[in-house]
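The values are calculated or read from the model by the stated rules, or taken from the named source; none is laboratory data. Quick caveat: nothing in here was measured; it's all calculated off a predicted structure. Cβ atoms come from the backbone with ideal geometry, glycine included; neighbour counts cover every protein chain shown. Just so you know, the surface numbers come from the protein's heavy atoms only, side chains and all, with ligands and any DNA or RNA stripped out. Shrake-Rupley method; radii C 1.70, N 1.55, O 1.52, S 1.80 Å.
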Amino acid sequence: TPEMPDDEEADEEERNAMLTSARTQVTGAGSTMGTPAYMSPEQAEDAASVDHRADIYSLGCTFFALLTGHPPFMSQNPLELISQHRTQRVSRPDKDVVGVPAALGSIVEKMTARKPEDRYADLGETIVDLEQFFARVGVEDIHQRLAGMAFRVMAGAAQHLGHLAADQRHFDVGG
């Protein structure tokens, strides 16, 4: 961030130019900002007014992708992805992939609830549930289950990366 010069060093026009520049570096009201495949429903409407629960939603989408090999919703069209996040529930990963424990599916489901008030109140609450899950199930059991899923997930991830590459080429207006 630029330093604001002392009054003696800069005239009012220079200070105004710096303030204008600084304002362009923040998300304005009514703006949409984020990766559509992982964007919370409320973030699609107004990125400037979201709170930390939007990050919990995005992290839940990331967990979903790690467990299934693909993001919760897929489309070549970013507006369609945003619409899907706003109108559809994220499916539970344990319903998509055999071997994902139901308790872990419940955690991801709560993280990706469409309404912010239905999600975890904060990341600490999310961590408590994850730690309790791992304490109950055991890390070794999870390692064995995940090893069995790894090949399917990697195949799905490779397919998703192909979609991402196509999306990047399709939406890269600057290049």
> Where residues in segment 35-62 are surrounded by fewer than 19 Cβ atoms within 10 Å (Cβ to Cβ) and out of contact with any Phe, Trp or Tyr (no Cβ under 9 Å at 6 or more places or on another chain), which of them is modelled with the lowest pLDDT?
Replying inline: ASP46
>> I'm told LEU66 meets every condition in (1) outside any helix (DSSP H, G or I); (2) at pLDDT below 90; (3) open to solvent by 80 Å² or more (accessible area, probe 1.4 Å) except one. Can you identify the failing condition by its number?
In response: (1)
>> Quick check on my filter: what residues within segment 83-93 are buried (at least 19 other Cβ atoms within 10 Å of the Cβ) and in contact with an Asp or Glu (Cβ under 9 Å, 6 or more places away or on another chain)?
In response: VAL90, ARG92, PRO93
